[in-house]
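S.K.: Let me begin by handing over the structure; questions about it come next.
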């Protein structure tokens, strides 16, 4: 270690293809713990963090294990896990050096400053769920999830990006180990075993409990004395329900990281979809935003389909579909949602707008058919209905599913046969549409309708 201008320079042993052998560090540590300290430094013209450890829970073997695991996770491009740059154990000074990406603070800093809003709380939880899901998929249990071990940085748009760090206690699933970790974040099944001097198998569920406790620390959910999770000052029932499943006292029924991650991703997409629909809140996107958000396009399309299912009013369904593919007079998308659906990326990239347009036409045709059947369409709707004439004919043929009486009434209206209530045939809006000179069936439609009625026994005797 060399002193220069009030800073220290650490030279690590050379390793193949590694550019982070020399690190100039500040003397004041960013943080210190029982096993070592973390310093801010510069290496390869990049701001980095370097962790200097003097000991580890499992000795030298434990230090090397942490270096190997972090290197493996970085090679696998693990999401929301701190990026490892270099690491080595110094046999002479008996110190371990780990160089990693720098982030200006930890989640503990944000919690202490009370600078986390509810949306950020959900975002942090979602990212942590993603990190744990990845670890658990490769059979790794972190064993020490807590705010101090979650690096955090706030972006200009307000989102807090997090990276899980400190893998000193991490181990393979099922590995027998003494109960360790931070007591406030230990799962109840582990606390029961404290002081017994026995080893317990590492289970994924302990990380999930710790995640639930971290969520509580952010100030919007509480674990009550009766074991029930409640919200504090916000409306977010789905989020509270998920945290409740994390803080299940029964470890065998506690939610898995995979399931939690899937649910959090669904919540994020639904929230983003709702934002995009509100043009006043979410104006047109910049090219940079389109490039950033278009990777969520496939999920947004699924959210769009789910939204259509929940909307009961056909008029509102049509409005939503129109907004999703809306363009201005020049053919350019004029809503944020339309911008993303027109963007050339995603599973549905080349077909998204086409699929939505087809869905829109299907919704609109059914809506118009029902309005015509009830004679409640105005002139504007009648004009729109004519272009769906062929589809309406197919819809008419399906009317037998509504029952014989209903089917007969629809066929009579379409053919212009005088109905029981003596309604004049030409007052039937279905009749007016089917006799309009347009559509594949236009010249022969009345005759075909009559034949179908005769075949199905729906035609009334001539009076």
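The values are calculated or read from the model by the stated rules, or taken from the named source; none is laboratory data. Please read all numbers here as calculations on a predicted model, not as lab measurements. Quick reminder, even Gly has a Cβ in these numbers, built from the backbone with ideal geometry, and neighbours come from all protein chains shown.
S.K.: Please verify whether region 318-333 includes one or more residues that are within 30 Å of residue 428 (Cβ to Cβ) and touching a helix residue (DSSP H, G or I) at 6+ places or on another chain (Cβ under 6 Å).
M.R.: Within region 318-333 (the criterion being within 30 Å of residue 428 (Cβ to Cβ) and touching a helix residue (DSSP H, G or I) at 6+ places or on another chain (Cβ under 6 Å)), the answer is yes, since at least one residue qualifies.
S.K.: Now for a separate question. Criterion first (under 20 Å from residue 315 (Cβ atoms), over 41 Å from the mean Cα position of the chain (by Cα) and at pLDDT 75 or above) does residue 409 satisfy it?
M.R.: Considered against the rule, which asks whether it is under 20 Å from residue 315 (Cβ atoms), over 41 Å from the mean Cα position of the chain (by Cα) and at pLDDT 75 or above, residue 409 comes out as no.
S.K.: List the number of the failed condition for residue 253; all other conditions in (1) at pLDDT below 90; (2) surrounded by fewer than 18 Cβ atoms within 10 Å (Cβ to Cβ); (3) not in a helix (DSSP H, G or I) hold.
M.R.: Only one criterion is unmet by residue 253, namely (1).
S.K.: Can you find a residue that is in contact with a strand residue (DSSP E or B) (Cβ under 8 Å, 6 or more places away or on another chain) and at pLDDT 90 or above anywhere in region 181-190?
M.R.: no
S.K.: Could you tell me whether any residue of region 332-347 is over 21 Å from residue 284 (Cα atoms) and either assigned to a helix (DSSP H, G or I) or touching a residue at least 40 places away in the same chain (Cβ under 8 Å) (or both)?
M.R.: Scanning region 332-347 turns up at least one residue that is over 21 Å from residue 284 (Cα atoms) and either assigned to a helix (DSSP H, G or I) or touching a residue at least 40 places away in the same chain (Cβ under 8 Å) (or both).
S.K.: Checking residue 261 against (1) under 28 Å from residue 208 (Cα atoms); (2) free of Cβ contacts under 8 Å to residues at least 40 places away in the same chain; (3) crowded, with 18+ Cβ neighbours inside 10 Å: exactly one of these is not met. Which one?
M.R.: Here residue 261 clears every test but (2).
S.K.: For the structure I just gave you, tell me whether residue 150 is in the same structural domain as residue 132 (by TED's automatic domain parsing), within 19 Å of the chain's Cα centre (by Cα) and within 30 Å of residue 65 (Cβ to Cβ).
M.R.: On the way: in the same structural domain as residue 132 (by TED's automatic domain parsing): yes; within 19 Å of the chain's Cα centre (by Cα): no; within 30 Å of residue 65 (Cβ to Cβ): yes.
Judged against the criteria, residue 150 is not a match.
S.K.: A further question follows. Considering only residues of region 198-212 that are modelled with pLDDT under 95 and part of a helix (DSSP H, G or I), which is surrounded by the most Cβ atoms within 10 Å (Cβ to Cβ)?
M.R.: At the first step, the residues of region 198-212 found to be modelled with pLDDT under 95 are 198-206.
Now drop any that are not part of a helix (DSSP H, G or I), which leaves 204-206.
Working: 204: 22, 205: 23, 206: 25.
Filtering first and then ranking leaves 206.
S.K.: Let me ask another. Of the conditions (1) more than 21 Å from residue 217 (Cα to Cα); (2) in contact with a strand residue (DSSP E or B) (Cβ under 9 Å, 6 or more places away or on another chain); (3) assigned to a loop (DSSP other than H, G, I, E, B), residue 72 fails just one. Which one is it?
M.R.: Of everything listed in (1) more than 21 Å from residue 217 (Cα to Cα); (2) in contact with a strand residue (DSSP E or B) (Cβ under 9 Å, 6 or more places away or on another chain); (3) assigned to a loop (DSSP other than H, G, I, E, B), residue 72 misses just condition (3).
S.K.: List the number of the failed condition for residue 115; all other conditions in (1) closer than 22 Å to residue 214 by Cα; (2) touching a strand residue (DSSP E or B) at 6+ places or on another chain (Cβ under 9 Å); (3) in a helix (DSSP H, G or I) hold.
M.R.: (3)
S.K.: Now for a separate question. Of the residues 25, 50, only one is at pLDDT 60 or above, surrounded by 12 or more Cβ atoms within 10 Å (Cβ to Cβ) and over 36 Å from the mean Cα position of the chain (by Cα); which?
M.R.: Details: 50 fails: over 36 Å from the mean Cα position of the chain (by Cα).
Unique residue meeting the criteria: 25.
S.K.: When residue 56 is evaluated against the numbered criteria (1) over 23 Å from residue 171 (Cβ atoms); (2) modelled with pLDDT under 75, which criterion, by number, is the only one it fails?
M.R.: Looking at each condition in turn, residue 56 falls short on (1).
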